[in-house]
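Accompanying notes for the structure given below.
The values are calculated or read from the model by the stated rules, or taken from the named source; none is laboratory data. Only a predicted model underlies this, so the values are computations on that prediction, with no experimental measurement involved. Don't worry about glycine lacking a Cβ; one is built from the backbone with ideal geometry, like all the others, and counts go over all protein chains shown.
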Amino acid sequence: MRTVVVTGTDRGLGHALAALSLEAGDRVIATYRDDKDAVLRPLAERFSGRLSLVPLELGDAANIAAAARRIRELTSSVDVLCNNAGILGDIEFSVGDAPFDPNEVLETIRINAIGPLRVTHELWSLLIAGREKLLVNISSEAGSIGQNWRDRWFGYTMSKAALNMEAALIHKRLLPLGGRAMLVHPGYIRSYMHGAKNEKATYEPEEAARLVLAAIAQRATCPAGERPDYFDLHGKDLPW
């Protein structure tokens with residue numbers, strides 16, 4: 001039985017990733033920010049003994065440290081750490097527009113890039129004690145400089161590019177220990193990142209999660225390279 005940590009499981013992709021991992025037989029430690037709709041309760045009842053719930057606020061260093069202490073109480077090792085939680089931020093502003101709020105950009109980077117780095121740092125001893133030692137950062141095609149098509153989304157795209165570099169650095173630490181990092185673009189998901197559910201998107205969270213997990217499993221059968229694998233939910237490589 002693997003021990004898997006997934007952040008941001010109160011809705012969307014994170015919830016689906018946790019549910020499918022449980023169905024596959026994993027033990028899951030699921031973090032959530034605010035399960036106000038109690039969507040995690042049915043999972044906890046269905047998979048009693050294999051699902052642990054831990055509150056986590058990515059923007060709060062003390063909260064991350066407290067969550068990590070709780071996770072260390074629950075397990076002595078983590079096989080897979082999936083940094084999924086994140087925010088969208090302002091996607092309308094572009095250079096030349098007024099007003100410009102640099103704090104909004106900084107906040108998006110703080111949540112999407114610094115937050116996962118703090119989580120990985122706090123859980124490092126557990127990750128390297130695991131059998132797989134696999135770090136999965138849920139990234140985005142928006143973090144790819146090589147195929148950028150946007151002229152806005154500053155906070156989000158910059159945060160995902162930073163998350164990619166972050167994984168590349170950690171990958172170098174994991175390789176000699178027998179581990180690796182991966183970066184996955186989960187597709188255009190009908191999520192709540194815009195506030196309300198985005199019905200215009202391509203994939204329901206459950207469908208995207210199944211494809212993401214299948215792509216990760218396939219990549220895990222291949223030798224790790226010098227850089228993390230960066231791919232989409234269909235297993236297609238993305239340019240850095």
Output yes when any residue across region 204-217 is in contact (Cβ under 8 Å) with a residue 60 or more places away in the chain and either touching a His at 6+ places or on another chain (Cβ under 6 Å) or within 27 Å of Leu106 (Cβ to Cβ) (or both), and no when none is. no
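Listed here are the residues, each with its yes/no results for (1) more than 24 Å from Ala24 (Cβ to Cβ); (2) at pLDDT below 95; (3) not hydrophobic (A, V, I, L, M, F, W, C).
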{"residue": "Ile71", "(1), (2), (3)": "no, no, no"}
{"residue": "Ser77", "(1), (2), (3)": "no, no, yes"}
{"residue": "Glu107", "(1), (2), (3)": "yes, no, yes"}
{"residue": "Ala113", "(1), (2), (3)": "yes, no, no"}
{"residue": "Thr120", "(1), (2), (3)": "no, no, yes"}
Taking only pairs six or more apart or across chains, which ones have beta-carbon atoms under 7 Å, a first residue in region 16-31 that is part of a loop (DSSP other than H, G, I, E, B) and of a type outside the set (S, T, N, Q), and a second residue that is at pLDDT 95 or above and buried (at least 20 other Cβ atoms within 10 Å of the Cβ)? Asp26/Val4
When both residues are 6+ apart or on different chains and their Cβ atoms are under 7 Å apart, which pairs have a first residue that lies in region 172-185 and is in contact (Cβ under 8 Å) with a residue 12 or more places away in the chain, and a second that is among the aromatic types (Phe, Trp, Tyr)? Leu183/Tyr230; Val184/Phe231
Take Lys172 and tell me if it is part of a helix (DSSP H, G or I), more than 17 Å from the chain's Cα centre (by Cα) and not acidic (Asp, Glu). yes
Would you mind stating whether Gly25 is under 20 Å from Arg210 (Cα atoms) and either among the polar types (S, T, N, Q) or out of contact with any Leu (no Cβ under 8 Å at 6 or more places or on another chain) (or both)? yes
Could you figure out which of (1) within 18 Å of Arg11 (Cβ to Cβ); (2) in a helix (DSSP H, G or I); (3) not charged (D, E, K, R) isn't true of Gly187? (2)
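Could you tell me whether Leu213 is at negative phi, assigned to a helix (DSSP H, G or I) and more than 15 Å from the chain's Cα centre (by Cα)? Step through it out loud before you land on a result.
Values: at negative phi: yes; assigned to a helix (DSSP H, G or I): yes; more than 15 Å from the chain's Cα centre (by Cα): no.
Answer is no for this residue.
Among the residues of region 182-193, is there at least one that is polar (S, T, N, Q) and in contact with a helix residue (DSSP H, G or I) (Cβ under 8 Å, 6 or more places away or on another chain)? Write out each step before concluding.
Residues of region 182-193 polar (S, T, N, Q): 191.
Next, only the ones that are in contact with a helix residue (DSSP H, G or I) (Cβ under 8 Å, 6 or more places away or on another chain) stay: 191.
For region 182-193, residues polar (S, T, N, Q) and in contact with a helix residue (DSSP H, G or I) (Cβ under 8 Å, 6 or more places away or on another chain): present.
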On the given criteria, is Tyr203 of a type in the set (Ser, Thr, Tyr), more than 30 Å from Val95 (Cα to Cα), surrounded by 16 or more Cβ atoms within 10 Å (Cβ to Cβ) and touching a Phe, Trp or Tyr at 6+ places or on another chain (Cβ under 9 Å)? yes
Can you tell me which residues in region 34-71 are within 30 Å of Leu106 (Cα to Cα) and charged (D, E, K, R)? Asp34, Asp35, Lys36, Asp37, Glu57, Asp60, Arg69, Arg70
Can you say whether Leu169 is hydrophobic (A, V, I, L, M, F, W, C), free of Cβ contacts under 8 Å to residues at least 40 places away in the same chain and surrounded by fewer than 22 Cβ atoms within 10 Å (Cβ to Cβ), as far as the supplied structure shows? yes
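Conditions tested, residue by residue: (1) over 26 Å from Glu23 (Cα atoms); (2) within 18 Å of the chain's Cα centre (by Cα).
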position	(1), (2)
Arg41	no, no
Ala44	no, no
Leu53	no, yes
Val78	no, yes
Ile87	yes, yes
Glu92	yes, no
Ala113	yes, yes
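Residue-by-condition table, conditions (1) in a loop (DSSP other than H, G, I, E, B); (2) surrounded by fewer than 16 Cβ atoms within 10 Å (Cβ to Cβ):
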residue: Thr157; (1), (2): no, no
residue: Ala161; (1), (2): no, no
residue: Pro176; (1), (2): no, yes
residue: Gly225; (1), (2): yes, yes
